[in-house]
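Report on the following structure.
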Amino acid sequence: MVKFEFEDKEYCLGSWKDIKLSVYVQYIEKLLPKRPEAIVKVFQAEEMEQVRLNWSMQEEVSAAEYMCEVVAYFFDIDVTVIKTIMERETLEAAYWGIEFTLLRFPESVDYVGFKVEGVEYLLPSKFMENSTFQEFAECAQYQQALEKVEGGDWLALPDLIAVLARPKGEAFDSTKIEERRELFLKHLTMNDALQVAFFLHRLKQKYTDNLTIYSMLKALENLQEKE
């Protein structure tokens, strides 16, 4: 959690619930690629504080520039105002607070869906009796998006949510994906996106376990037939 006062206003970022999916997607696209090497080295080090304290003057400048942009973006503050007025101590506290908030990934194992504009969108687990994981896996959009997410491409997650989540009883309709993607980007928080990612991991593991059990049973059946 990060909390600070600036220009007589209080700012707070408590968790992923405070970050819109659209905001994080823009962060991934536009800001994260600009992260300077000095900050990258801090995250890669075992002694993070020591690496931070040993920055050169050039590293200090490049890191501060980036910190200003990130804090301005997440808290909707004019970056010029931050550069001109915000004290370095406040800037660093705000920036590192954001970064460490983004490093925590709380999982909710009972998460089954979400509501947007009064409509409940469910993940497959809640209506699995009427659908199968294979039905989703056969969908080209699902396969493509899943491969990207598994490869660490968070930008594909909105597409994956748009394929998976829909009102109970609604059949898959590829023509609704783009509209749903924009709807979810606008309304969902990153907590929702994270829970969908965790759900996919659990579902895939369950699916893999079932295939393993099936394979073992078939092997046993073959052995029995040989006897």
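Scan the helices (runs of 4 or more DSSP H) fully inside the range 139-194 and keep the ones with 3 or more residues being at pLDDT below 80.
Working: elements: 140-150, 157-164, 177-187.
The helices (runs of 4 or more DSSP H) meeting that bar are 140-150.
Scan the range 152-178 for residues that are over 24 Å from LEU31 (Cα atoms) and in contact (Cβ under 8 Å) with a residue 12 or more places away in the chain and report the count.
At the first step, the residues of the range 152-178 found to be over 24 Å from LEU31 (Cα atoms) are 162-178.
With the extra rule that they be in contact (Cβ under 8 Å) with a residue 12 or more places away in the chain, the set shrinks to 162-169, 172, 174, 176-178.
Number of matching residues: 13.
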Within the range 153-182, take every residue that is of a type in the set (A, V, I, L, M, F, W, C), farther than 12 Å from LEU123 by Cα and touching a helix residue (DSSP H, G or I) at 6+ places or on another chain (Cβ under 8 Å) and give me the one that is surrounded by the fewest Cβ atoms within 10 Å (Cβ to Cβ).
LEU155
Qualifying position, being modelled with pLDDT of 95 or more, closer than 27 Å to ASN191 by Cα and either aliphatic (A, V, I, L, M) or in contact with a helix residue (DSSP H, G or I) (Cβ under 6 Å, 6 or more places away or on another chain) (or both), among VAL40, VAL61, VAL51, VAL25
VAL40
Is the range 10-26 home to any residue that is on the phi > 0 side of the Ramachandran plot, in the same structural domain as GLU59 (by TED's automatic domain parsing) and either loosely packed, with under 15 Cβ neighbours inside 10 Å or free of Cβ contacts under 8 Å to residues at least 60 places away in the same chain (or both)?
no
Give the range 80-126 a look and list any residue that's assigned to a helix (DSSP H, G or I), surrounded by fewer than 17 Cβ atoms within 10 Å (Cβ to Cβ) and aliphatic (A, V, I, L, M), or say none.
VAL81, ILE85, ALA93
Suppose the filter is of a type in the set (S, T, N, Q) and at pLDDT 75 or above; does ASN210 pass it?
no
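Every residue, every condition in (1) under 19 Å from the mean Cα position of the chain (by Cα); (2) of a type in the set (S, T, N, Q); (3) under 22 Å from ARG104 (Cα atoms), yes or no:
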{"site": "VAL163", "(1), (2), (3)": "yes, no, no"}
{"site": "ARG166", "(1), (2), (3)": "no, no, no"}
{"site": "ALA171", "(1), (2), (3)": "no, no, no"}
{"site": "SER174", "(1), (2), (3)": "no, yes, no"}
{"site": "ARG180", "(1), (2), (3)": "yes, no, no"}
{"site": "LEU185", "(1), (2), (3)": "yes, no, yes"}
{"site": "ALA193", "(1), (2), (3)": "yes, no, yes"}
{"site": "PHE198", "(1), (2), (3)": "yes, no, yes"}
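The values are calculated or read from the model by the stated rules, or taken from the named source; none is laboratory data. The model shown is predicted, which means the values in this text are computed figures rather than measured ones. Heads up, the Cβs are rebuilt from the backbone with ideal geometry, glycines too, and the neighbour counts pull from every protein chain shown.
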